[in-house]
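Take a look at the structure below.
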Amino acid sequence: MCGIVGYVGKNNSCIKVLLDGLRRLEYRGYDSAGIAYLENEKIVIKKESGNLENLSNVVDASIDSNIGIGHTRWATHGKADRKNSHPHRMGKFTLVHNGIIENYNEIKSDLMSKGYVFESETDTEVVCALLDYMYRTDKDILKCVRKLGSVVEGSYALGIICDDCKDSIFAAKKNSPLIIGLNGDEKFIASDVPAILDKTNKYIILEDGDYAQIDADNVRVFAEGKEKFPEVKEFEFSLSDIDKQGYEHYMLKEIHEQPEVFKKTTKDYLKDDLNNLIDMMPDFNKYSKIRIVACGSATHAGLVGRQLIERFANVKVEVNTASEFRYDKLFLDKDELVIAISQSGETADTLEAIKIAKNNGNDTLGIINAKGSSIAREAKMVLYTEAGKEIAVATTKAYSAQVAMLALIALNLAVSKNIIEKSEMLSILRDTKNLPNYISILLDDDEYYRKVAESIKEHNDIFFIGRGIDYALAMEGSLKLKEISYKHSEAYAAGELKHGTISLIEEGTPVIAIVTDEKVASKTISNIKEVKSRGAYVILVTNKEFEDNSFYDEKILIPKVNELLSPLLTVIPLQIISYELAKINGCSIDKPKNLAKSVTVE
Ligand code: F6R
């Protein structure tokens, strides 16, 4: 989603800092970009639609400037064109904004009646005019920035420069992430630390309702009119962690990091004995039911988790899409544990869902990758996945880390309820040790996955089928494929096909069929035979050997491990087939069109 970067300091290379910072925020997704900087005491604005190259072409980075703000915009209000891109300027104020102002129409009409004329269709320009209008009476910038909080509804992270105070950036935050970076007499604002990581790893997180004045020497943060002194944090990753390290795409690098991510996510919980598994996790036994809220792939991880927790621990789990949950009638018993799953920890719908559960009096737990993110701070308890920084918009390693964490929760419950056989326990521990190696073996088969991708590249409709755990995996495989290769794809519960969708199967239609779930394998095979006999081109992903090989065209064999861990293997070929297909089609793999990494608006 939109990215913000800002610089104020004693160095004159502001324009370069802004452009470099925006480049590092590209992964969030955007469709226009712009900067505003001080040149010879005047605020200059440059902005262009399309990618950062277009902006770089109209900016002279050698111009001396020591204060400025920059923005990559992911269009919400108004087209992705030049006039709607940020920064916006009205009267004495220039600003960049991430978020959505819900009552902007009302404010806009009011300001128009007072003589303001708007150039763009954006909600952001309205905030800019509002600040200018309030400032005409108040003559106190900080007071006006604070007042925004009581007038404006919705979400915002704002970087503001006022003509009457050209040595400071003003910032404000509500429901959209914003940090302040510190490096001696240079200060920064950014949506995320990587934007400024070549300059500093020291930063302050702004909380909802915070506003700040930042100049080269000082950072002053306020909440409700009082100055506060937030902790200065150190970002744990280095620039090399957010480098492609020789891989052609971040997505490929992140797929290949999965053996390591699994080790890191599970290592503290699975030592030689299982004490840590119990001691380091919340007491899940006290809840009657688990409710998972999440979006996109995180929901799919939740659906795998549901199967694992219900089967291994005999605890009911319900999975809700956060964007639906937040407006559904609330049927949430007080003794349900509500788990929010999120890589970024900033997804607006998931954040709202966890707030609703909290307000209802429920215990909440975040399974989160980004440390200190909004959902991590909002949830009562947090279990961090250790996927490291994920840059590619389509999640791979963070999804696997979420599944691994849910498998640990299933195991924790099964052990603490004493309902798992010792022999099964031992087999799980053995498989856990071998799993990174098995993932690497699957990764080595990339040539075969490329061949499979080649064999389906001419088709525009690709189906994924499976039952039980395999259906949850089919959903993730299908999402991955469509979001990066732009091919239409659907995931179906294999038994549902003949209730309608099977009419779409014709000669050569690719069907990726997943058969790893022991309980329902024979049933899925019958469904595969039904599509095969109607001409489908079947790519079978399985951990089983079959004497009859007439019901599939390609077969990808997954090493056999305990069911608790098997999804972490099955997903690997699904990710790589999507990657290869996107590559064959020449798609923008790391930044698919229209998508954003961190969805901070609902
Ligand atoms: C798909 C994908 C998205 C995210 C979803 C939730 O590849 O990445 O579907 O899973 O937007 O994001 P987080 O996990 O950051 O809440």
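The values are calculated or read from the model by the stated rules, or taken from the named source; none is laboratory data. Worth saying up front: this structure is predicted, and the values here are computed from it rather than measured. Positions of Cβ are generated from backbone atoms using ideal geometry, with glycine treated the same way; all protein chains shown enter the neighbour counts. Accessible surface areas use protein heavy atoms only, side chains included; no ligands, DNA or RNA. Shrake-Rupley method; radii C 1.70, N 1.55, O 1.52, S 1.80 Å.
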Quiz item: Ranked from the most accessible area to the least, with a 1.4 Å probe and all protein chains present, what is the order of His488, His459?
Solution: His488, His459
Quiz prompt | Accessible surface, the stretch 489-602, averaged per residue in Å² (probe 1.4 Å) | solution = 38 Å²
Quiz item: What percent does the relative contact order of the stretch 33-142 come to when contacts are Cα pairs within less than 8 Å and at least six residues apart?
Solution: 24 percent
Quiz item: Looking at the stretch 514-602, which trypsin sites (Lys or Arg not before Pro) are in a loop (DSSP not H, G, I, E or B) and have at most 13 other Cβ atoms within 10 Å?
Solution: Lys593
Practice problem: Compute the length gained on full extension between Ser533 and Ser427: take 0.36 nm times their separation in residues and subtract their Cα-Cα distance, giving the result in nm to one decimal. | Solution: 34.3 nm
Self-check item: Per residue, in Å², the accessible surface of the stretch 289-412 once ligands and nucleic acids are set aside, probe 1.4 Å
Solution: 28 Å²
Exercise. Taking the chain as the reference, fit the longest principal axis to its C-alpha atoms, fit the long axis of helix 521-532 to the helix C-alpha atoms, and give the angle between the two in degrees, 0 to 90, nearest 10.
Key: 80 degrees
Practice problem: Counting only C-alpha contacts under 8 Å and six or more residues apart, can you give the relative contact order of the stretch 350-418 as a whole percent? | Solution: 23 percent
Exercise. Could you state the accessible area per residue of the stretch 160-243 in Å², with a 1.4 Å probe and every protein chain left in place?
Key: 40 Å²
Quiz item: For the chain, what is the calculated [θ] at 222 nm in deg cm²/dmol (nearest 500), taking -39500 (n - 2.57) for each run of four or more DSSP H residues and dividing by its residue count?
Solution: -11000 deg cm²/dmol
Exercise. Could you pull the accessible area for Arg89 with a 1.4 Å probe, rounded to 10 Å²?
Key: 90 Å²
Quiz item: For Glu102 and Glu41, what does the FRET efficiency come to when R0 = 56 Å and r is the distance between their Cβ atoms, rounded to the nearest 0.05?
Solution: 0.95
Self-check item: Set Lys79/Lys166; Lys47/Lys226; Lys108/Lys199; Lys173/Lys358; Lys202/Lys397 screened for pairs whose C-alpha atoms are more than 29 Å apart
Solution: Lys79/Lys166; Lys47/Lys226; Lys108/Lys199
Exercise. Can you check what the net charge comes to around Asp208, using other residues whose Cβ is under 10 Å from the Cβ of Asp208 (Lys, Arg +1; Asp, Glu -1)?
Key: 0
Quiz item: Does anything in the stretch 431-475 have its amide N under 15 Å from the 7 Å Cα→Cβ label point of Tyr247, and if so which residues?
Solution: 439-446
Quiz item: If one takes the longest principal axis of the Cα atoms in the chain, at what angle in degrees, from 0 to 90 and to the nearest 10, does the Cα axis of helix 141-151 lie?
Solution: 50 degrees
Quiz item: What part of the accessible area of the chain, given as a whole %, is carbon or sulfur when the probe is 1.4 angstrom?
Solution: 45 percent
Quiz item: Stretch Asp163-Ala61 to full length: gain in nm at 0.36 nm per residue minus the Cα-Cα span?
Solution: 34.5 nm
Quiz item: Does anyone have the angle between helix 469-485 and the longest principal axis of the chain? Alpha-carbon axes, 0 to 90°, nearest 10?
Solution: 50 degrees
Exercise. Mind giving me the nanometre distance, one decimal, between the label points for Asn437 and Lys79, set 7 Å out from Cα along Cα→Cβ?
Key: 5.9 nm
Quiz item: What accessible surface, in Å², does a 1.4 Å probe find on Glu236, ignoring ligands, DNA and RNA and rounding to the nearest 10?
Solution: 110 Å²
Quiz item: When all protein chains stay in place, what accessible area (Å², nearest 10, 1.4 Å probe) is found for Cys144?
Solution: 0 Å²
Self-check item: Under the Karplus curve 6.51 cos²θ - 1.76 cosθ + 1.60, θ = phi - 60°, whole-Hz ³J(HN,Hα) for the stretch 363-370, x wherever Gly or Pro sits
Solution: 6, 10, 9, x, 9, 10, 9, 7
